[in-house]
1. Could you grab me the full set of residues in segment 4-27 that are within 42 Å of the chain's Cα centre (by Cα) and of a type in the set (S, T, N, Q)?
2. If only one of 42, 5, 52 is in a helix (DSSP H, G or I), β-branched (Val, Ile, Thr) and modelled with pLDDT under 95, which one is it?
Amino acid sequence: MVQSTLNSARERQRRDEQEQVEREAAEAERKQHEEEEARERTSREAAEREATLIKIREEKSLSLGSEPEKGPDVTQVFYILLS
(Lines give C-alpha, C1' and ligand atoms only; values in the text may rest on other atoms or scores of the structure.)
Protein backbone atom coordinates (compact mmCIF):
# COMPACT_ATOMS: atom_id res chain seq x y z
CA MET A 1 0.00 0.00 0.00
CA VAL A 2 2.74 2.44 0.95
CA GLN A 3 4.70 1.43 -2.13
CA SER A 4 1.64 2.01 -4.32
CA THR A 5 1.07 5.47 -2.82
CA LEU A 6 4.76 6.29 -3.23
CA ASN A 7 4.73 5.15 -6.87
CA SER A 8 1.57 7.15 -7.50
CA ALA A 9 3.14 10.28 -5.98
CA ARG A 10 6.30 9.83 -8.05
CA GLU A 11 4.25 9.36 -11.22
CA ARG A 12 2.20 12.47 -10.44
CA GLN A 13 5.40 14.48 -9.82
CA ARG A 14 6.93 13.18 -13.05
CA ARG A 15 3.79 14.18 -15.00
CA ASP A 16 3.78 17.62 -13.37
CA GLU A 17 7.44 18.14 -14.27
CA GLN A 18 6.82 16.97 -17.83
CA GLU A 19 3.87 19.35 -18.18
CA GLN A 20 6.02 22.21 -16.84
CA VAL A 21 8.75 21.43 -19.39
CA GLU A 22 6.16 21.36 -22.18
CA ARG A 23 4.66 24.71 -21.05
CA GLU A 24 8.12 26.30 -20.93
CA ALA A 25 8.96 24.96 -24.39
CA ALA A 26 5.67 26.29 -25.80
CA GLU A 27 6.32 29.70 -24.22
CA ALA A 28 9.86 29.82 -25.63
CA GLU A 29 8.54 28.92 -29.09
CA ARG A 30 5.83 31.61 -28.84
CA LYS A 31 8.39 34.25 -27.83
CA GLN A 32 10.70 33.23 -30.67
CA HIS A 33 7.81 33.49 -33.14
CA GLU A 34 6.87 36.96 -31.82
CA GLU A 35 10.49 38.16 -32.10
CA GLU A 36 10.72 36.86 -35.67
CA GLU A 37 7.48 38.65 -36.60
CA ALA A 38 8.79 41.86 -35.02
CA ARG A 39 12.03 41.63 -37.04
CA GLU A 40 10.08 41.03 -40.25
CA ARG A 41 7.74 43.95 -39.48
CA THR A 42 10.68 46.27 -38.77
CA SER A 43 12.38 45.23 -42.01
CA ARG A 44 9.18 45.69 -44.01
CA GLU A 45 8.55 49.14 -42.49
CA ALA A 46 12.12 50.22 -43.30
CA ALA A 47 11.71 49.07 -46.90
CA GLU A 48 8.40 50.94 -47.16
CA ARG A 49 10.02 54.14 -45.82
CA GLU A 50 12.87 53.80 -48.30
CA ALA A 51 10.43 53.25 -51.18
CA THR A 52 8.46 56.32 -50.11
CA LEU A 53 11.63 58.43 -50.01
CA ILE A 54 12.63 57.25 -53.48
CA LYS A 55 9.17 58.06 -54.82
CA ILE A 56 9.24 61.55 -53.26
CA ARG A 57 12.70 62.21 -54.75
CA GLU A 58 11.54 61.06 -58.19
CA GLU A 59 8.40 63.22 -58.02
CA LYS A 60 10.44 66.23 -56.90
CA SER A 61 12.95 65.64 -59.69
CA LEU A 62 10.15 65.46 -62.26
CA SER A 63 8.48 68.61 -60.94
CA LEU A 64 11.76 70.56 -61.09
CA GLY A 65 12.52 69.43 -64.60
CA SER A 66 15.99 69.01 -65.98
CA GLU A 67 18.84 71.10 -64.67
CA PRO A 68 19.63 74.15 -66.75
CA GLU A 69 22.80 74.19 -68.80
CA LYS A 70 25.73 75.49 -66.89
CA GLY A 71 26.13 79.18 -67.50
CA PRO A 72 29.19 81.36 -67.05
CA ASP A 73 30.99 81.21 -63.77
CA VAL A 74 29.70 83.72 -61.20
CA THR A 75 33.10 85.40 -61.02
CA GLN A 76 33.10 85.89 -64.80
CA VAL A 77 29.68 87.54 -64.67
CA PHE A 78 30.79 89.78 -61.84
CA TYR A 79 33.94 90.77 -63.77
CA ILE A 80 31.92 91.61 -66.89
CA LEU A 81 29.56 93.80 -64.86
CA LEU A 82 32.48 95.72 -63.35
CA SER A 83 34.16 96.33 -66.70
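1. 18, 20
2. Going through 42, 5, 52 in turn, the sole match is 5.
The values are calculated or read from the model by the stated rules, or taken from the named source; none is laboratory data. Just so we're clear, the structure is a prediction, and the values are computed from it rather than from any experiment.
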